[in-house]
Amino acid sequence: MATELIKLTNEAIKHKVSSTSNNNSSKNMFLADDSTCWNSGQGMPQYVIINFPNKVKPTKINIMFQGGFVGIDVSVETGNSLNKLMEISKFEPEDINSMQSFEILYEENNEDNYVEYLKLIFNASSDFYGRIIIYKLEVFGCEYK
């Protein structure tokens, strides 16, 4: 198993989102261009599901929201099947425009930590209508070898 921390997301990563608004592609949050974003529709919860091409162990999430449209109660679920995702972490971003980093800690270091799917569930938003705007989403971790 590898221990080198690498960026696991890029513009070609397979993913799915709960909704989109204003014709902003969800792909925008994975681009290197900070001027593009993903706008969710209204309502809670909103989510982003990432399907990694190989098994990985996600250990860090960097996310940059637009202030006023921040997911303020975030659950992290992982697994090797969309039908069998388990919550492994929670975090609460601040309502700011800056890049924020969140570590994913594991109780044990074993092969079960290596997964094909990561789901971020935004259970609440700083926006009254439940909209989320993400300019950048990066996941770091290790590849399974």
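Each reported figure results from applying straightforward, stated rules to the coordinates on display, with no laboratory input. Since this is a predicted model, take the numbers as computed values, not measurements. Quick reminder, even Gly has a Cβ in these numbers, built from the backbone with ideal geometry, and neighbours come from all protein chains shown.
See the values below:
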quantity: Index of the failed condition, GLY41 passing every other in (1) touching an Asp or Glu at 6+ places or on another chain (Cβ under 8 Å); (2) not in a strand (DSSP E or B); calculated: (1)
quantity: Complete set of residues in the stretch 129-145 that are more than 22 Å from ASN54 (Cα to Cα) and either surrounded by fewer than 16 Cβ atoms within 10 Å (Cβ to Cβ) or without any contact (Cβ under 8 Å) to a residue 60 or more places away in the chain (or both); calculated: TYR129
quantity: Selection within the stretch 93-116 - over 21 Å from CYS142 (Cα atoms), of a type in the set (Asp, Glu) and exposed (fewer than 13 other Cβ atoms within 10 Å of the Cβ); calculated: GLU94
quantity: Residue match in the stretch 95-109 (condition: touching an Asp or Glu at 6+ places or on another chain (Cβ under 7 Å), closer than 18 Å to ILE133 by Cα and part of a loop (DSSP other than H, G, I, E, B)); calculated: no
quantity: Of all residues making up the stretch 48-63, the number that are buried (at least 20 other Cβ atoms within 10 Å of the Cβ) and under 19 Å from VAL17 (Cβ atoms); calculated: 6
quantity: Test result for SER25, closer than 18 Å to GLN100 by Cα and either out of contact with any Gly (no Cβ under 6 Å at 6 or more places or on another chain) or of a type in the set (A, V, I, L, M, F, W, C) (or both); calculated: no
quantity: Residue in the stretch 23-32 that is part of a helix (DSSP H, G or I), among the basic types (Lys, Arg) and either touching an Asp or Glu at 6+ places or on another chain (Cβ under 8 Å) or surrounded by fewer than 18 Cβ atoms within 10 Å (Cβ to Cβ) (or both) present; calculated: yes
quantity: First in the stretch 103-128 and in contact (Cβ under 8 Å) with a residue 24 or more places away in the chain and more than 16 Å from SER81 (Cβ to Cβ), second anywhere and part of a loop (DSSP other than H, G, I, E, B) and aliphatic (A, V, I, L, M), Cβ under 7 Å, 6 or more apart; calculated: PHE122/ILE132; ASN123/MET44; ALA124/MET44; SER125/MET44; SER125/VAL70; SER125/ILE132; SER126/VAL70
quantity: Among residues of the stretch 66-81, those that are of a type in the set (S, T, N, Q) and touching a residue at least 40 places away in the same chain (Cβ under 8 Å), counted; calculated: 3
